[in-house]
Structures are given as C-alpha cells and as structure tokens.
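Contents: one structure, followed by commentary.
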Amino acid sequence: MKPKTLLTVASLLSILLMTLHVTDDIVRGISPAAPDNIGAVAIFLVWLIGTLLLAERRSGYVIQLLGGIFAAAMPVLHMKGARYPAIATSPGGFFFIWSLIVVGTTGMFAAILSARALWVSLRSGKRDGRN
C-alpha cells in the first residue's frame, strides 16, 4: 500500500477512535458534558479537512501531523491521571484502555507518516506537495 494511502487510512482511523474516546471521557465524567464540547467538533473537522480535502498538500500534512501527535499524547495524559487505575478496573474499563492504546498507536503511525510525507515534500521542492 502506498504511504499516502496509509496516511489517509491512519488519520481517518485516529479521528474515529478519538471521537469514541472523547465520548467515553464525557460519559465517565473525565471531561464535563458542556457546550464547550463543540470545540472538539471544530478540532475534528479541521483534522478531517486536512486528511481529505488537503490530502497531499503541505498544509494537510501539517494538520495530520498535529492530529497524530495529539492522538499519540492521549495515552500519556490519561495514564498519568490519578483516576486511571480506578477507571481501568471499572465497568467498561477494557474499552477505555483499549481505545487509549489504539488511539496512541494509530496517532503515532499517522504522525510518522505525515512527518515523512512533509519531509519528502520539502526536500523535493514541490509547492504544496504537487507539481
């Protein structure tokens, strides 16, 4: 599979898993169920635009890199939390832990692929990753 296709798939999978994880955070009370959550919608929208509409452009690579780094940071942020052991052993803890591991893995994979694509784009001198 081509690296650009892998990047698109990894980014879309990260977006899907992050939305599930954020929803789980809200249901568990880790994040408040408040109107502020509309900010997450905006973040996911920008990430989706970077993945699909700005594909193979430097701006798209940068957005996907930032999204991947953000997703990769989720396990670190949650696993350092004081409530982590209690949540891990609670009902639904399996899904919570599994989603952290998968979000971190797909996010890091997307970050690596987008950094690589950005590097290739910059080295080739192509404007916006295209001729």
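Nothing in this text is a laboratory measurement; each read-out follows from the coordinates by a stated rule. Nothing here was measured: the structure is a model prediction, and the numbers come from that model. Methodologically, a virtual Cβ is constructed for each residue, glycine included, from the backbone with ideal geometry; neighbour enumeration extends over all protein chains shown.
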For a distance above 21 Å, tell me the whole-number percent of Cα pairs in the chain that qualify. 42 percent
What angle, in degrees between 0 and 90 and rounded to the nearest 10, separates the Cα long axis of helix 58-79 from the longest principal axis of the Cα atoms of the chain? 20 degrees
Estimated FRET transfer efficiency (M79, I49; beta-carbon r; R0 30 Å; 0.05): 0.50
For the Cα atoms of the chain, what angle does the longest principal axis make with the long axis of helix 93-124, in degrees from 0 to 90, nearest 10? 20 degrees
To the nearest 10 degrees, the tilt of helix 3-28 (Cα long axis) against the first principal axis of the alpha carbons of the chain is 20 degrees
Pick from T19, T89, T105: which residue has the top mean-square fluctuation in a GNM of the chain where Cα pairs under 10 Å get a spring? T89
Given the options P85, P75, P35, which has the most mean-square fluctuation in a GNM of the chain, springs set between C-alpha atoms less than 10 angstrom apart? P35
Cα convex hull volume per residue for the range 1-68 (Å³): 73 Å³
Taking the alpha-carbon centre of each part, the distance from the range 46-84 to the range 92-109 in Å is 14 Å
Between F94 and V120, what length in nm is gained on full extension when 0.36 nm per residue of separation is reduced by their alpha carbon distance? 5.5 nm
Label model pair K4, T23: point-to-point distance (7 angstrom along the Cα→beta-carbon line) in nm is 3.2 nm
